[in-house]
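Read through the structure below, which is laid out as structure tokens, and then see the notes.
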Amino acid sequence: MRLFLFYTAYVNRVAPPQNKKKDRIMAKSPAKNTNAQVAKHLSWALADTYVLMIKTHGYHWNVTGPEFRELHLLFEEQYNELFTAADEIAERIRGLNVEAPASMDAMLQHTQVKETTSIPNAQGMIKELLKYNESTRQRISEACDFAGEVGDKGSEDLLIARLRAHDKAIWMLRSLTE
Ligand SMILES: [Fe+2]
């Protein structure tokens, strides 16, 4: 009993500072985890953006037909916009102190955009770019929701801007199919 009382007195006196230190460490961990989780969503958005950029660039080179000039220029506008966006998303990942995917292999591991293996005709290109702008927009929307839920306003703001950019690309591509 005496030993128990001594132990209780010891714990009450010594334990609180230890717990405070532990609490401080615990308080930092969720933020670090949150950054890593937001960065994971951003990496998916980056990889989709990057591979879609390469696909759009390839179609800019290879498009043929009566609408050649119009599509050649539209695809150029879109791959340039995607290239700038990829840079912004990657730099946001770095801003969260996480490494950004930095190779084609890493991009292909993170993306859901299928690489071009054969060149479709002009209408096929438009349909494929429409499809992958929509799927990329969907993943960005999910990333945006997650950033909002965890209170990462910087990432959320960037991703909202990306939603607007994909809405514009989708509108332009869809208009060419109607
Ligand atoms: Fe060009």
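One residue stands out among those in segment 34-83 that are of a type in the set (S, T, N, Q) and more than 17 Å from Lys168 (Cβ to Cβ): the one that is nearest to the ligand (Cβ to nearest atom), which is Asn62. Evaluate the following for Thr116: is it of a type in the set (Val, Ile, Thr) and without any contact (Cβ under 8 Å) to a residue 12 or more places away in the chain? So Thr116 does not fit the description; no.
When Ile160 is tested against (1) part of a loop (DSSP other than H, G, I, E, B); (2) out of contact with any Ser or Thr (no Cβ under 9 Å at 6 or more places or on another chain); (3) at pLDDT 95 or above; (4) of a type in the set (Val, Ile, Thr), just one condition goes unmet, and that condition is (1). Residues that are touching a helix residue (DSSP H, G or I) at 6+ places or on another chain (Cβ under 9 Å), of a type in the set (Gly, Ala, Ser) and within 28 Å of Asn35 (Cβ to Cβ) do occur in segment 162-173, at least one of them.
In this structure, does Ile119 turn out to be aliphatic (A, V, I, L, M) and over 22 Å from Arg174 (Cβ atoms)? Judged against the criteria, Ile119 is not a match.
With the condition kept exactly as written, say whether any residue in segment 123-134 is farther than 30 Å from Val38 by Cβ, within 16 Å of the ligand (Cβ to nearest atom) and either in contact (Cβ under 8 Å) with a residue 24 or more places away in the chain or surrounded by 18 or more Cβ atoms within 10 Å (Cβ to Cβ) (or both). Yes, the conditions are met somewhere in segment 123-134.
The values are calculated or read from the model by the stated rules, or taken from the named source; none is laboratory data. Because the structure is predicted, anything quoted here is derived from the model rather than measured. Heads up, the Cβs are rebuilt from the backbone with ideal geometry, glycines too, and the neighbour counts pull from every protein chain shown.
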